[in-house]
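One structure is given below, encoded as structure tokens.
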Amino acid sequence: MRSSESLDNNTFGAGLVGLIGIVVIAAVLIGFSSPYRSSPPIAKTSPQPEPSQEKLPASEFVAAPHESDRAEDAPTPDAGNDHKAEVKPEPTATTGIPATAKTGQQLYAQHCAACHGERGDGKGLAAAFVFPKPRDFRASRFRLVSTDNNVPTEEDLHAVLLRGMPGSSMPPWSHLPEAERIKLVKEVIRLSREGAREQFVTMLKEEEGLTEEEIADDDDLQVEIKEFVDRKATPGESTTVPPIGEPTAAAIARGKEVYIKQTCHSCHGKEGKGDGAQKMLDAEGLPSSPRDFTRGIFKGGHDPASLYRRTAYGMPGTPMPGSKDMPPEEIVDLVHFIRSLSDESTRQSTILKRETITALRVDAIPASAAGWTADAVSMRMTPLWWRNDSDPHLQVQAVHDGKSLAVRMSWSDPSHDRHAARSESFEDAVAMELYRGDAEPFIGMGTSKAPVDVWFWDADRQGTPLAVEDVYPNTVVDVYPFSETVVASAELNRDGASTADQPDISLPARASGNQIVPTAGESGASSLRGGGPGTSTFRIPKSQLVEARGQWQDDRWTVVMTRPLTVESELGIALEPGAHASVAFAIWDGSQRDRDGKKLITIWQDLELED
């Protein structure tokens with residue numbers, strides 16, 4: 001007998017870099033991945049689950065896309081349909097197709113495939129560099145549902161697009177026209193149905209030895225396949241959320257009793273700080289951790305109705321169970337208690353928002369902090385590899401004098417991680433990505449038709465770098481051409497055995513001006529160009545027009561980047577007074593072993609230059 005029932009149950013159940021040859025100049029930065037995650041003498045690494053101190057070469061990732069509507073304006077599932085008025089679609093910069101004329105598959109390829117994969121299997125280019133991992137739509141393990149069979153409704157999926165998923169790298173997509181969001185929802189459903197069909201066909205091949213042709217020619221089998229897919233992809237009954245009302249002291253007290261009675265504290269802790277059970281795995285076998293309610297981070301939304309649904313239906317595929325048998329009045333009290341553990345400002349601070357940075361017109365670029373009178377704009381950031389206590393409170397200011405643009409970035413960082421010469425050390429860094437055009441491209445290095453400009457500052461490359469011998473005093477350079485002809489002594493301090501003694505011809509990475517190699521200088525800046533994932537490339541030394549200086553004081557970094565407004569197209573994105581550009585930021589914290597895709601990012605922001 002064909003085991004379609006078991007399929008139903010399974011689906012919804014639970015050398016020295018720079019010293020010995022040419023280091024590759026083409027590296028990947030922003031979306032953002034730092035191109036400088038390699039520094040002499042040991043190459044650095046991109047992260048893997050449970051990141052260790054192992055270090056790998058620079059690799060690609062992707063940051064979050066933009067949202068032009070503020071998150072607080074985005075409707076929740078129970079907030080009605082007060083969307084912004086639709087505007088006449090304009091051709092996009094990447095395809096020339098009017099936005100609302102794109103198919104769901106085209107929109108998915110543009111906005112979603114980099115993380116969720118072209119087939120919707122969660123294996124996109126960015127998937128290796130984010131945690132929690134992107135959803136596998138084909139497996140139909142959706143976390144945020146409102147139905148008794150764990151199949152999401154279109155409204156469930158649309159709500160995720162509107163708000164994103166705080167606590168992960170999934171950003172809000174409320175900037176897209178509603179018509180496009182609807183197409184994306186239907187495309188996700190199509191991928192889920194396609195995955196269900198693929199699952200059943202695979203079972204027919206493996207258990208019954210049928211071929212593709214035999215399956216395709218059997219009308220009865222085709223009907224059975226369709227019935228299976230419909231059963232897997234059709235949302236079940238959804239419980240109506242009862243009136244929740246305003247919280248009272250009595251309701252919160254009752255909710256705390258329910259919290260203990262239902263053993264919520266065994267995972268989330270007695271005080272709701274997520275300090276209960278720690279060794280937890282999701283359905284994919286990946287580490288999972290209970291939510292710290294005091295931080296106000298709720299993937300499925302922090303409004304009372306959303307929390308009611310999470311309590312009733314749980315989060316399929318995670319250790320968070322449903323509580324469908326709980327009396328509705330107890331769930332309501334529990335929701336009031338959980339919300340009492342954080343305030344609204346804390347909950348709002350977890351939502352990525354789009355801001356406008358105005359570059360003031362000044363007579364001269366400020367030479368000191370006192371000269372920066374432009375308003376500081378606070379940027380909300382999220383870690384692509386999730387960790388708590390990660391918000392660096394980034395503040396950004398910008399000015400221009402009609403000739404040059406200067407951007408001042410300041411963020412909290414209690415540790416001063418300037419050098420990365422040791423294999424276990426990682427430097428602090430910051431990057432800024434610029435784009436000009438009608439339709440912002442994928443933030444992970446843009447596209448070939450919509451390239452991005454990247455400005456980067458690295459603490460390891462400003463000022464006098466550490467020599468290898470400063471970190472590893474017993475290090476000697478082996479026999480190199482043009483340094484020693486015969487090793488006359490085994491002494492470590494013999495002539496010709498230090499790095500400084502080596503001529504440039506023996507160190508081609510340093511001689512060629514490779515931007516990865518730390519060199520003594522006032523600026524720690526570099527300029528790169530990106531034209532799609534895997535394409536970011538350092539501009540050659542004579543084309544490096546970005547200058548930057550960083551200072552660490554009072555547990556904060558302050559970095560000022562400057563570049564001429566007018567540049568040739570191959571040297572960057574040209575700007576002029578009155579111009580508008582899209583800008584995004586990334587920060588690497590060396591004390592957290594950040595490198596490559598393990599970093600903090602913003603979504604796209606607006607940069608306006610005063611005329």
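The values are calculated or read from the model by the stated rules, or taken from the named source; none is laboratory data. Nothing here was measured: the structure is a model prediction, and the numbers come from that model. Note: ideal-geometry Cβ built from the backbone for every residue, glycine included; neighbour counts use all protein chains shown. With ligands, DNA and RNA removed, areas are computed over all heavy atoms of the protein, side chains included. Shrake-Rupley method; radii C 1.70, N 1.55, O 1.52, S 1.80 Å.
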### Query
Which ones in segment 411-423 are surrounded by 22 or more Cβ atoms within 10 Å (Cβ to Cβ) and outside any loop (DSSP other than H, G, I, E, B)?
Trp411
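Please find, among Glu227, Glu246, the residue that is in a loop (DSSP other than H, G, I, E, B) and among the charged types (D, E, K, R). Reasoning before the result, please.
Values: Glu227 fails: in a loop (DSSP other than H, G, I, E, B).
None of the other options fit; the residue is Glu246.
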### Summary
A careful count of residues in segment 186-203 that are open to solvent by 60 Å² or more (accessible area, probe 1.4 Å) and either in contact with a Ser or Thr (Cβ under 7 Å, 6 or more places away or on another chain) or not in a helix (DSSP H, G or I) (or both) gives 0
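From the list Arg361, Arg387, Arg380, which residue is open to solvent by 30 Å² or more (accessible area, probe 1.4 Å) and in contact with a Leu (Cβ under 6 Å, 6 or more places away or on another chain)?
Values: Arg361 fails: in contact with a Leu (Cβ under 6 Å, 6 or more places away or on another chain); Arg387 fails: in contact with a Leu (Cβ under 6 Å, 6 or more places away or on another chain).
So the residue among Arg361, Arg387, Arg380 that is open to solvent by 30 Å² or more (accessible area, probe 1.4 Å) and in contact with a Leu (Cβ under 6 Å, 6 or more places away or on another chain) is Arg380.
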### Query
What number of residues within segment 250-301 satisfy the criterion of being open to solvent by 50 Å² or more (accessible area, probe 1.4 Å) and farther than 20 Å from Asp333 by Cα?
6
### Query
Among Phe456, Phe426, which is under 27 Å from Asp389 (Cα atoms), modelled with pLDDT of 80 or more, assigned to a strand (DSSP E or B) and not charged (D, E, K, R)?
Phe456
### Query
Within the set of pairs 6 or more residues apart or between chains, which connect a residue that is of a type in the set (S, T, N, Q) inside segment 421-443 to a residue that is in a strand (DSSP E or B) with Cβ atoms less than 8 Å apart?
Ser423/Ile42
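What do you reckon, is Phe142 modelled with pLDDT under 90, crowded, with 18+ Cβ neighbours inside 10 Å, hydrophobic (A, V, I, L, M, F, W, C) and in a loop (DSSP other than H, G, I, E, B)?
Numbers: modelled with pLDDT under 90: no; crowded, with 18+ Cβ neighbours inside 10 Å: yes; hydrophobic (A, V, I, L, M, F, W, C): yes; in a loop (DSSP other than H, G, I, E, B): yes.
Against the criterion (modelled with pLDDT under 90, crowded, with 18+ Cβ neighbours inside 10 Å, hydrophobic (A, V, I, L, M, F, W, C) and in a loop (DSSP other than H, G, I, E, B)), Phe142 does not qualify.
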### Task
Would you please list the contacts, defined by Cβ atoms under 7 Å and residues six or more apart or on different chains, that run from a residue in segment 206-221 that is part of a loop (DSSP other than H, G, I, E, B) to a residue that is surrounded by 13 or more Cβ atoms within 10 Å (Cβ to Cβ)?
Leu210/Leu204
### Task
Quickly run through segment 331-346 and pick out the residues that are open to solvent by 40 Å² or more (accessible area, probe 1.4 Å), closer than 12 Å to Ile252 by Cα and part of a helix (DSSP H, G or I).
Arg339, Ser340
### Of the criteria (1) open to solvent by less than 10 Å² (accessible area, probe 1.4 Å); (2) touching a strand residue (DSSP E or B) at 6+ places or on another chain (Cβ under 6 Å); (3) of a type outside the set (A, V, I, L, M), which one Pro564 fails
(1)
### Task
Scan Pro321, Pro316 and give me the residue that is open to solvent by 40 Å² or more (accessible area, probe 1.4 Å), in a loop (DSSP other than H, G, I, E, B) and either closer than 23 Å to Gly269 by Cα or at pLDDT 90 or above (or both).
Pro321
### Task
Tell me which of these Pro473 doesn't satisfy, since it passes every other one: (1) at pLDDT 80 or above; (2) closer than 30 Å to Pro441 by Cβ; (3) not in a strand (DSSP E or B).
(2)
### Given (1) assigned to a loop (DSSP other than H, G, I, E, B); (2) under 23 Å from Val151 (Cα atoms), index of the condition Lys270 fails
(2)
#### Entry: So Ser448, is it at pLDDT below 85, surrounded by fewer than 24 Cβ atoms within 10 Å (Cβ to Cβ) and under 23 Å from the mean Cα position of the chain (by Cα)
yes
### Task
Would you check which residues across segment 570-611 are open to solvent by less than 30 Å² (accessible area, probe 1.4 Å) and hydroxyl-bearing (Ser, Thr, Tyr) and list them?
Ser582, Thr602
